[in-house]
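J.: Just dropping this structure here.
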Amino acid sequence: MNNDLRSYVEGLGIIAPRAIYRNLSPAKLTEIALARGEGMLSDTGALVVHTGKYTGRSPNDRFVVDSPSVHTDIDWGSTNMPISQSCFDLIYAKMTAYLQDRDVFIFDGYAGADEKYHVPIRVITELASENMFIHQLLVRPTTQQLCDFVPGFTVIAVPGFKCVPATDGVNSEAAIILNFEKRMVVIAGSQYAGEIKKAVFSVINYVLPKQNVFTMHCSANVGKEGDSALFFGLSGTGKTTLSADPERYLVGDDEHAWSDEGIFNIEGGCYAKCIGLSKETEPEIFGAIRFGALVENVVIDPRTRRLDFNDGSLTENTRVGYPVSYIPNALIPGVAGHPKTILFLTADAFGVIPPISRLTREQAMFHFVSGYTSKLAGTERGIKEPVATFSTCFGAPFLPLDPASYASMLGERIDKHEVRVFLVNTGWCGHKAGNGKRMKLAYTRAMVSAALSGALDDVGYEADPYFGVLVPKTCPNVPDEQLVPGKMWQDQAEYEKTARELAARFRKNFEQYDNMPREIVEAGPQG
């Protein structure tokens, strides 16, 4: 096998590597990473690394090779920037030459917990620490699967190799290039492990929809009666917090797929934010930071080896990767039945989106495509108004295909499986952000619980005057007056003005989707 593996690696153009390691255990990879000076151990046994210049994804450095076989498939634009095959070949040749006489680490595993649809992924890394990360994040193969393994896609991550924009046809020293025709991804110049994770997700978002499997950037859990639920939401909306329910089992925290048989986790691990982490607020994640976990860019005391989760001096985007089995109530393997409920989470800083509302099929598709949340302008002096943020299908940076294809798959499944869909505002209501407190978490949890249990199925509803969504007249454990935004605003003129402005922003954002069916466009805010 070693000779076969060396022949394979050299066949990729990586000539005379110093050593080739395949599917080493996390313990062995940790040992090698420490010996190579890639990081240090925390006092809980986690491997801690600093990723240098790149502490987050680099969207301006992401490209897709424009080849004839995929040209008409790709939704070209600022997210999927085209690059020529010749530029890819040039960078690839330089990268593989860089790996000559260096150690090469290989992990063979799967994207997809459902064996019927899983995609075999081979990840080749320059660093032992990166290999340990992807070992924990993908679905790990059995001994027999490893013996029979044939890669469907190959990802090569080499942070030590830096591109030269002037000659390589890219924007910086970093480049993430997806080549669907060659079934390959190269990642140059960035050590941020999230680039590997999201490169795999981008591949899956291209491959599985062609098999009529709907891929989703969402978390998922399942009740004790087998009733699964999906939680869509951008950063800061409470997706991780609300899906981590002690009364339900966690299917996964970030990436899922929906086939004719049900849903399944695309990953075998989690990649959680660490900034501000505490044992009291998020005990499951806090407890997962132990041996076998990879911590990125959290400041560590070199003497005590304690992590300071409140120190964002390296980046606010501090992260930890660990296997999903580190979460006590995780469902292993991550496979569940068809969802009964879908929740779109938004943190509305304008204070006009209802705390919870039910969506029609067409409204669900509109809000799915819109992917709305908002944030404060924040640091700029004198800027107090919230900023609307839209991310197509709650995952724009990772979607190679036209958004309409993902939206139609959602609509088909809502119809077929009679799924309840709710829009949940975890942000502000009754006032703009900065003028009062955010929605009480206890109320939000009560609303989510009611949606999941069916307690909102038979209550009366009224249409919101500006957004058209259906607002329940009552909800268990939530005061009725907390359900209607207009009743919570003291200044009615300001409420009406703010609601109209946000509704207009929704409509303006949706103009970019010029191939959406009319009924979906008309399901958006009309106020």
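The values are calculated or read from the model by the stated rules, or taken from the named source; none is laboratory data. Please read these numbers as outputs of a predicted model, since none were measured by experiment. Every residue, glycine as well, gets a Cβ built from its backbone with ideal geometry; the counts of neighbours run over all protein chains shown. Ligands, DNA and RNA are excluded from the accessible area calculation, which covers all protein heavy atoms including side chains. Shrake-Rupley method; radii C 1.70, N 1.55, O 1.52, S 1.80 Å.
J.: Scan region 291-299 and give yes if some residue there is over 22 Å from ARG57 (Cβ atoms), aromatic (Phe, Trp, Tyr) and either in contact (Cβ under 8 Å) with a residue 12 or more places away in the chain or in contact with a strand residue (DSSP E or B) (Cβ under 8 Å, 6 or more places away or on another chain) (or both), otherwise no.
T.: The answer is yes; a qualifying residue exists.
J.: Checking the condition exposed (fewer than 14 other Cβ atoms within 10 Å of the Cβ), without any contact (Cβ under 8 Å) to a residue 60 or more places away in the chain and under 30 Å from GLY411 (Cα atoms), which residue from GLN492, GLN512 passes?
T.: Going through GLN492, GLN512 in turn, the sole match is GLN512.
J.: Follow-up. Can GLU173 be described as in a helix (DSSP H, G or I), of a type in the set (Asp, Glu) and modelled with pLDDT of 95 or more?
T.: no
J.: Show me the strands (runs of 3 or more DSSP E) found entirely inside region 68-152 where at least 1 residues are of a type outside the set (Val, Ile, Thr) and open to solvent by 50 Å² or more (accessible area, probe 1.4 Å).
T.: Counting at least 1 such residues, we get 81-83.
J.: Note down all Cβ pairs under 8 Å where the first residue falls in region 277-288 and is more than 12 Å from PHE309 (Cα to Cα), the second is open to solvent by 70 Å² or more (accessible area, probe 1.4 Å) and part of a loop (DSSP other than H, G, I, E, B), and they're at least six residues apart or on different chains.
T.: GLU284/PRO328; GLY287/LYS279; GLY287/PRO328
J.: Another one. For region 449-470, how many residues are among the β-branched types (Val, Ile, Thr) and open to solvent by 10 Å² or more (accessible area, probe 1.4 Å)?
T.: Total meeting the criteria: 1.
J.: Can you go through VAL104, VAL155 and tell me which one is in contact (Cβ under 8 Å) with a residue 40 or more places away in the chain and within 27 Å of GLY45 (Cα to Cα)?
T.: Just a single option satisfies the conditions, and that option is VAL104.
J.: Out of the residues in region 153-170 that are open to solvent by 40 Å² or more (accessible area, probe 1.4 Å) and not in a loop (DSSP other than H, G, I, E, B), which is nearest to ALA111 (Cα to Cα)?
T.: Among residues in region 153-170 that are open to solvent by 40 Å² or more (accessible area, probe 1.4 Å) and not in a loop (DSSP other than H, G, I, E, B), the one nearest to ALA111 (Cα to Cα) is PRO165.
J.: Another one. Take region 35-84 and flag every residue that is of a type in the set (Gly, Ala, Ser), touching a helix residue (DSSP H, G or I) at 6+ places or on another chain (Cβ under 7 Å) and more than 24 Å from LEU294 (Cα to Cα).
T.: SER67
J.: Quick check: is even one residue across region 370-389 in a helix (DSSP H, G or I), surrounded by fewer than 21 Cβ atoms within 10 Å (Cβ to Cβ) and either in contact with a Phe, Trp or Tyr (Cβ under 7 Å, 6 or more places away or on another chain) or acidic (Asp, Glu) (or both)?
T.: Looking through region 370-389, none of the residues is in a helix (DSSP H, G or I), surrounded by fewer than 21 Cβ atoms within 10 Å (Cβ to Cβ) and either in contact with a Phe, Trp or Tyr (Cβ under 7 Å, 6 or more places away or on another chain) or acidic (Asp, Glu) (or both).
J.: Next question. In region 6-30, which residues are open to solvent by 20 Å² or more (accessible area, probe 1.4 Å) and within 26 Å of THR315 (Cα to Cα)?
T.: PRO26
J.: Looking only at region 2-21, decide whether some residue is among the hydrophobic types (A, V, I, L, M, F, W, C), part of a helix (DSSP H, G or I) and closer than 30 Å to PHE286 by Cα.
T.: The answer is no; no qualifying residue exists.
J.: Go through region 242-285 and give me each residue that's among the hydroxyl-bearing types (Ser, Thr, Tyr) and either more than 16 Å from the chain's Cα centre (by Cα) or at pLDDT 95 or above (or both).
T.: Hits for region 242-285 are TYR249, SER259, SER278, THR281.
J.: Filter region 424-447 for residues that are open to solvent by less than 10 Å² (accessible area, probe 1.4 Å) and either of a type in the set (A, V, I, L, M) or in a helix (DSSP H, G or I) (or both); which is modelled with the lowest pLDDT?
T.: Ranking the candidates gives ALA433 first.
J.: Confirm whether ALA336 is among the small types (Gly, Ala, Ser) and modelled with pLDDT of 95 or more.
T.: Yes, satisfied.
J.: Out of all the residues in region 40-60, is one or more under 21 Å from PHE133 (Cα atoms), among the acidic types (Asp, Glu), in contact (Cβ under 8 Å) with a residue 12 or more places away in the chain and in a loop (DSSP other than H, G, I, E, B)?
T.: yes
J.: Out of the residues in region 47-73 that are more than 20 Å from the chain's Cα centre (by Cα) and of a type in the set (A, V, I, L, M, F, W, C), which is nearest to THR30 (Cα to Cα)?
T.: Residue satisfying both the conditions and the ranking: LEU47.
J.: Could you check how many residues of region 392-404 are touching a Leu at 6+ places or on another chain (Cβ under 9 Å) and over 19 Å from VAL200 (Cβ atoms)?
T.: 1
J.: Is it the case that some residue within region 67-80 is among the charged types (D, E, K, R) and over 27 Å from LYS273 (Cβ atoms)?
T.: Yes, region 67-80 contains a residue that is among the charged types (D, E, K, R) and over 27 Å from LYS273 (Cβ atoms).
Every residue, every condition in (1) free of Cβ contacts under 8 Å to residues at least 12 places away in the same chain; (2) within 14 Å of LEU331 (Cα to Cα); (3) out of contact with any helix residue (DSSP H, G or I) (no Cβ under 6 Å at 6 or more places or on another chain); (4) open to solvent by less than 10 Å² (accessible area, probe 1.4 Å), yes or no:
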residue	(1), (2), (3), (4)
HIS217	no, no, no, no
ASN221	no, yes, no, yes
ASP227	no, yes, yes, no
PHE232	no, no, no, yes
THR237	no, no, yes, yes
SER243	no, yes, yes, yes
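J.: Still on this structure, I have one more. Going through region 308-320 one residue at a time, which ones are in contact with an Asp or Glu (Cβ under 8 Å, 6 or more places away or on another chain) and in contact (Cβ under 8 Å) with a residue 24 or more places away in the chain?
T.: The answer is THR318, ARG319, VAL320.
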